[in-house]
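A short worksheet on the structure shown next.
Every read-out reported here was derived from the displayed coordinates using simple, explicitly stated rules and does not represent laboratory data. Fair warning: this is a prediction, and the values are worked out from it, not measured in the lab. Neighbour counts are summed over all protein chains in view; Cβ atoms, including those assigned to glycine, are modelled from backbone coordinates with ideal geometry.
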């Protein structure tokens, strides 16, 4: 389920090999390890919620939707009137971006080259 979300948020993630997915997963897990247990539980529940919610609109679970429907579904959630749903979406989106672009190859793909000197390096 998380892979389907990541590939929807960052379509380039569909090209990742097993090593890339392992690196992405490790970054996300490390980030979540520092969060409270209750928050991690809410994230798991939110992923389950996302898996089944499209059933009411499309007659299919999230992982069974094509890329266009997944994108439309998530776009709807980012502006949802319920705060919890919006916050859950943005948290999941943030984790997806962190996992993909936090990898060295993901960062290099967008030209991100951090320097300990910060802006002085520019």
The stretch 1-59 to the stretch 91-122: how many Å between their Cα centroids? 19
What percent of all Cα-Cα pairs in the chain falls into each 10 Å bin, going from 0 up to the bin containing the maximum distance? 12, 39, 33, 13, 3, 0
Looking at the chain as a GNM with Cα springs under 10 Å, which of 33, 70, 93 has the largest mean-square fluctuation? 33
So, with points 7 Å from each Cα along the Cβ direction, the residue 34-residue 48 label distance in nm works out to 2.8
Which value does Rg/Rh take for the stretch 59-122 over its C-alpha atoms, Rh per Kirkwood? 1.15
Can you tell me the 0 to 90 degree angle between the C-alpha axis of helix 37-52 and the longest principal axis of the chain, rounded to 10? 50
Cα point-scatterer Debye curve for the stretch 27-97, base-10 log of I(q)/I(0) at q = 0.11, 0.27, 0.28 Å⁻¹: -0.28, -1.31, -1.36
I need to check one value: relative contact order of the stretch 1-89, counting alpha carbon pairs closer than 8 Å and at least 6 residues apart, in percent. 26
Comparing 91, 19, 99 in a Gaussian network model of the chain (Cα, 10 Å), the one with the largest mean-square fluctuation is 19
Under a point spin-label approximation (7 Å from Cα along Cα-to-Cβ), what is the residue 80-residue 41 distance to one decimal in nm? 2.0
Length gain on complete extension for the stretch residue 119 to residue 69, per 0.36 nm per residue less the alpha carbon to alpha carbon distance? 14.0 nm
Can you tell which of 89, 56, 46 shows the greatest fluctuation in a Gaussian network model of the chain with Cα springs below 10 Å? 56
